[in-house]
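A.B. asks: Once you've had a glance at the structure underneath, I'll fire off some questions.
The values are calculated or read from the model by the stated rules, or taken from the named source; none is laboratory data. Note that the structure is predicted; figures quoted are calculated from it, not measured. Glycine gets a Cβ as well: all are built from the backbone with ideal geometry, and neighbour counts include every protein chain shown.
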Amino acid sequence: MLVGMPLSISLRDDIMTFRVRSPPDYDLTASVHAWIYSDIHPVPELTREGLLARRIPVAGEDVAVAIRQTGQGGDITVEHTPTRQSTKEMTKAIVRILGLSEDFSCAVKSIKRDPRIRGVASGVNRILPYQSPTVFEALIKTVIQQQVSYRAANVLTQRLVTHLEEPVHLSGLQVYGFPPAEKIAALGLDQLRFLGLGFKAEYVHSISTMVSEGNLDTEALRSMEFGEVEGTLRPIRGIGDWTIETLCIAGLSNFDVFPHGDLGIQNLLGRLYNKGLRMTAREVESLARKWDDGSRVLYLLMCADVLGLFPAEGRLKTIKRPLRK
């Protein structure tokens, strides 16, 4: 049976269910928690051990899903509200969101060969890249993440979701979706600032307005080469290198790209390879070239850091480089 193929289908009390074969060693909880904090929800994801619940758009239809896995490497069970979409379409959406067809095996081998990071190899071997269901959601979340911690970004996203969305009930869960561009644009700058977005309220509102008015097709970015993505997004106020590169790994499934300027990865690699001195973006890029599939290695190391797989010692002692004027 191929990974991602539906194994069975059932209907119970207006809840449809199907199962999907997962890759060996895949861990749903670890993969999702590399991006989503279990104690901050909905964002719109609701997560618990072995559970991910949220609403997703499938061919333009809003569908509430509860995705479950019992044990690492176990098959994935998907419960969802009734839909016009076929199980094949639903399966395709789940496989893409969970990254089940992505291959990170070469990156894991690189980690195993490097004595400074091989200790996290077994932990990252269970991770595949969780993706936002829409590029618009990934872009707005990435803008919110600018210059704040992942935890703070999750809190801000939670405020936006609960302010604009109403939950759907599924299997005893309150399941939220991410607000569409039209709702965010209609909310206005003042309300976005009230939710705590600060100067980024302008960016979020502008992008949402462009999408809602048809002046930016975020889904079209999926089929573009990286250079085309850059050319489309860079002219937009509030979008720079870090946002574009982070969008690639959060929503475009392009793992040949990584944000080398990310402070989290710079601090981590500084602790591991540079005597506690934060690495520059150029140094991160140079180090990544020494590994086979270096961008995916960086992705897995980022996940390992968020999941706490590295020793806590030295985490708060990273030496910052002096500011350059």
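A.B. asks: Given 36, 94, which one is in a loop (DSSP other than H, G, I, E, B), under 28 Å from residue 160 (Cβ atoms), in contact with a strand residue (DSSP E or B) (Cβ under 8 Å, 6 or more places away or on another chain) and β-branched (Val, Ile, Thr)?
C.D. replies: Answer to the selection: 36.
A.B. asks: Then there's this: Take the range 97-133 and flag every residue that is polar (S, T, N, Q) and not in a loop (DSSP other than H, G, I, E, B).
C.D. replies: Within the range 97-133, 105, 110, 122 meet the criteria.
A.B. asks: Take the residues in the range 266-290 that are surrounded by fewer than 22 Cβ atoms within 10 Å (Cβ to Cβ), among the aliphatic types (A, V, I, L, M) and touching a residue at least 24 places away in the same chain (Cβ under 8 Å), then tell me which one is nearest to residue 305 (Cα to Cα).
C.D. replies: The residue in question is 272.
A.B. asks: Among 221, 156, 197, which is among the aliphatic types (A, V, I, L, M), out of contact with any His (no Cβ under 7 Å at 6 or more places or on another chain) and either outside any helix (DSSP H, G or I) or surrounded by fewer than 16 Cβ atoms within 10 Å (Cβ to Cβ) (or both)?
C.D. replies: Answer to the check: 197.
A.B. asks: Which residues, taken from the range 102-133, are of a type in the set (Ser, Thr, Tyr) and surrounded by 18 or more Cβ atoms within 10 Å (Cβ to Cβ)?
C.D. replies: Residues satisfying the conditions are 110, 130, 132.
A.B. asks: If I filter the range 40-81 down to residues being in a strand (DSSP E or B) and among the acidic types (Asp, Glu), which single residue comes out as nearest to residue 158 (Cα to Cα)?
C.D. replies: By that ranking, first place goes to 62.
A.B. asks: Also, quick follow-up: Looking at the range 206-217, which of its residues are buried (at least 20 other Cβ atoms within 10 Å of the Cβ) and farther than 11 Å from residue 143 by Cα?
C.D. replies: 208, 211, 216
A.B. asks: If you take the residues in the range 11-27 that are assigned to a strand (DSSP E or B) and modelled with pLDDT of 50 or more, which one is surrounded by the most Cβ atoms within 10 Å (Cβ to Cβ)?
C.D. replies: 20
A.B. asks: Same structure again: Tell me which of these residue 84 doesn't satisfy, since it passes every other one: (1) in a helix (DSSP H, G or I); (2) surrounded by fewer than 19 Cβ atoms within 10 Å (Cβ to Cβ); (3) more than 21 Å from the chain's Cα centre (by Cα); (4) not acidic (Asp, Glu).
C.D. replies: With respect to (1) in a helix (DSSP H, G or I); (2) surrounded by fewer than 19 Cβ atoms within 10 Å (Cβ to Cβ); (3) more than 21 Å from the chain's Cα centre (by Cα); (4) not acidic (Asp, Glu), residue 84 is out only on (1).
A.B. asks: Which residues, counting only those in the range 53-67, are within 17 Å of residue 95 (Cβ to Cβ), in contact (Cβ under 8 Å) with a residue 40 or more places away in the chain and in contact with a Leu (Cβ under 8 Å, 6 or more places away or on another chain)?
C.D. replies: 54, 65, 66
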